[in-house]
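Q: Pasting a structure here, questions to come.
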Amino acid sequence: MANKYLLSEDQMPTSWYNLNADFPAPMAPPLHPGTLQPAGPADLAPLFPMALIMQEVSQDRYIEIPEEVQDIYKMWMPTPLYRAPRWEKALDTPAKIYFKYEGVSPAGSHKPNTSVPQAYYNKQEGITKLTTETGAGQWGSALSMACQLFGMELLVYMVKISYQQKPYRRSMIHTWGAEVIPSPSDTTNAGRAFLAADPDSTGSLGMAISEAVEVAAMNDDTHYSLGSVLNHVMHHQTVIGQEAMKQIADAGDYPDIIIGCAGGGSNFAGISFPFIGANIREGKKARIIAVEPAACPSLTKGIFAYDFGDVGKLTPLLKMHTLGHDFVPAGIHAGGLRYHGMAPMVSHALDLGLIEAEAYTQNACFQAAVQFARTEGIIPAPESSHALASVVNAAEQCKQSGEAKTILFNLSGHGHFDMAAYDNYLAGNLQDYAYPEEKVREAQASLPQVG
């Protein structure tokens, strides 16, 4: 690979960026699941430390990163920015393609950018144990690493289909000292109810969240931690975009198009939010694209409405693009993108016309990922491959128009523990699945009625 752009440690971000400060219209507040009234800090305190609750509602443009968190960040940050000249040549495009590579973190993805501060703030508040859910296992492994660094216990509910598909992700979680249980399980009231309704359920992130939240709510020494969707998670990930801004400036360039895969929204927010802020404040014109699976199309087929974050209706209601909290996804290999809703901040940005959304089936994504691996050497995570499929499309548009645009995308993790998915693709065994409209309408019929 040529054209590698690095920052020194003293150029690392010392603050997280908060897009809420620059939105041209305010976001809708979260609602209490019982009263359907705006949820206050006291309503969230059983699940989250007060520092994160304050970040959740903050309107400050920048939030200072604690020094202890900065010190741990230096284990893998700043992450590199690469130019992809061999892929450009293979695509026969005049476009310049750059990618921010988050797979260099110990957990192999962008997830430690938020797992470390979340563990830190909980530890500061005297919490000794966390619970969480995980889809593909990237979040569960990242949080297990962070909890180990801060001497905390962790219980992970892993979506059952991913638990079966990705055994080495759960091995990582175990190696870092956490317990992992396939969800739905018989260890919680919520899990037992899901199994009673469907004993063969392959699970969903909404189910796993219900189980993790139930355990946290019942134990005073335990809090819940979420790897995407919530505002504070979006803030933490903006270290990606802030670094990328400096690195691409060092290359003497600026992106015309910025692309990130989107499931709950965290890595897309990480690469894009600082650039959205520049579009708003400075009049920049970057086109910003969120890319999701056609099998879980919350942005492209979901509706913008209040919904629960989990199947068991234990979480606050968030206004987001949603397929309905009862949504159960197909067992596609991009397990980290199988959530029924999109982060409220990402959803709000789409509603305001600040971003676009695209959806791709998994064969198109793996085709792009294999071509990228064979030209640039890195095997992408199945989640990240969705961004690559969009890059192929944008590069083809540049080829047709003759425009030499600059494309930046976030390669949010490597696929070293996802090789079974590549085996299935190379053997021709992957099935494309686009979530049907009637299923969308069926799932959305259960949305809560909010005045």
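What follows is calculated from the coordinates using simple rules that are stated; it is not laboratory data. Just so it is clear, the structure is predicted and the values come from calculations on it, not from any experiment. Here the Cβ is made from the backbone with ideal geometry for all residues, glycine too, and neighbour counts use every protein chain on show.
Q: For Rg/Rh (Cα atoms, Kirkwood Rh), the listed values are (1) 0.98; (2) 0.94; (3) 1.14; which was obtained by calculation from the structure presented?
A: The calculated read-out lines up with (2).
Q: For the stretch 358-451, calculate the relative contact order in percent as a whole number, restricting contacts to Cα pairs under 8 Å that are 6 or more residues apart. Can you show the working numbers first?
A: Numbers: 71 pairs, mean separation 31.4, N = 94.
It comes to 33 percent, rounded to a whole number.
Q: Follow-up question, since we're still on this one. Bins of 10 Å, beginning at zero and ending with the bin holding the largest distance: percent of Cα pairs per bin for the stretch 95-186, please.
A: Using 10 Å bins, I get a P(r) of 18, 47, 26, 7, 2, 0 for the stretch 95-186.
Q: Separate question: With axes computed from alpha carbons, what is the tilt in degrees of helix 239-250 against the longest principal axis of the chain, rounded to the nearest 10 within 0 to 90?
A: 10
Q: FRET efficiency for ALA286 and GLU438, Cβ-Cβ distance as r, R0 = 35 Å, nearest 0.05?
A: Efficiency at R0 = 35 Å is approximately 0.45.
Q: Could you order the peptides 33-44, 403-414 from most to least packed, using the average number of other C-beta atoms within 10 Å per residue? Each step should come with its number before you reach the end.
A: On the way: 33-44: 14.0, 403-414: 22.8.
Ranked from most to least packed, the peptides come out as 403-414, 33-44.
Q: Order 357-369, 189-201, 171-183 from most to least packed using the mean count of other Cβ atoms within 10 Å.
A: In descending order of packing, they fall as 357-369, 171-183, 189-201.
Q: As I understand it, the value is the acute angle between the Cα axis of helix 112-124 and the longest principal axis of the Cα atoms of the chain; what does it come to in degrees, rounded to 10?
A: So the helix axis and the longest Cα principal axis differ by about 30 degrees.
Q: Nearest 0.05, what FRET efficiency do THR175 and LEU36 give at R0 = 60 Å with Cβ-Cβ as r?
A: The formula returns an efficiency of 0.90 here.
Q: Extension gain ASP60-LYS89, at 0.36 nm per residue separation less the Cα-Cα distance, in nm?
A: Using 0.36 nm per residue and subtracting the Cα-Cα distance, I get 6.1 nm.
Q: Calculate the spin-label point distance for ASP220 paired with ASP10, positioning each point 7 Å from the Cα along the beta-carbon direction, and give it in nanometres.
A: With each label point 7 Å from Cα toward Cβ, the separation is 4.9 nm.
Q: Moving to a separate point now. Highest mean first, what order results for 69-79, 230-240, 263-273 on Cβ atoms within 10 Å?
A: 263-273, 230-240, 69-79
Q: Only Cα pairs under 8 Å and at least 6 apart count here; give the relative contact order of the stretch 227-280 as a rounded whole percent.
A: After rounding, I find 47 percent.
Q: Can you tally the lysine pairs in the stretch 245-378 where the Cα-Cα distance is under 24 Å and the two residues are eight or more apart, or on different chains? Mind showing how you got there, number by number?
A: On the way: LYS246/LYS284; LYS246/LYS285; LYS301/LYS313; LYS301/LYS319.
Close lysine pairs found across the stretch 245-378: 4.
Q: Taking 0.36 nm per residue of sequence separation and subtracting the Cα-Cα distance, how much length would be gained by fully extending the chain between GLU67 and ALA420, in nm to one decimal?
A: On the way: separation 353, 0.36 × 353 = 127.08 nm, distance 3.96 nm.
In short, 123.1 nm is gained.
Q: Output the relative contact order of the chain, whole-number percent, from Cα pairs under 8 angstrom with separation of 6+ residues.
A: Rounded, it is 20 percent for the chain.
Q: Another question about this same structure. How large is the convex hull of the Cα atoms of the stretch 104-263 per residue, expressed in Å³ as a whole number?
A: Cα-based convex hull of the stretch 104-263, divided per residue, equals 124 Å³.
Q: Only helical DSSP H runs with n ≥ 4 go in: add -39500 (n - 2.57) per run for the chain, normalise by residue count and round the 222 nm mean residue ellipticity to 500 deg cm²/dmol. Could you put the intermediate results ahead of the total?
A: Details: 18 runs with 180 residues, N = 451.
The per-residue figure over the chain is -11500 deg cm²/dmol.
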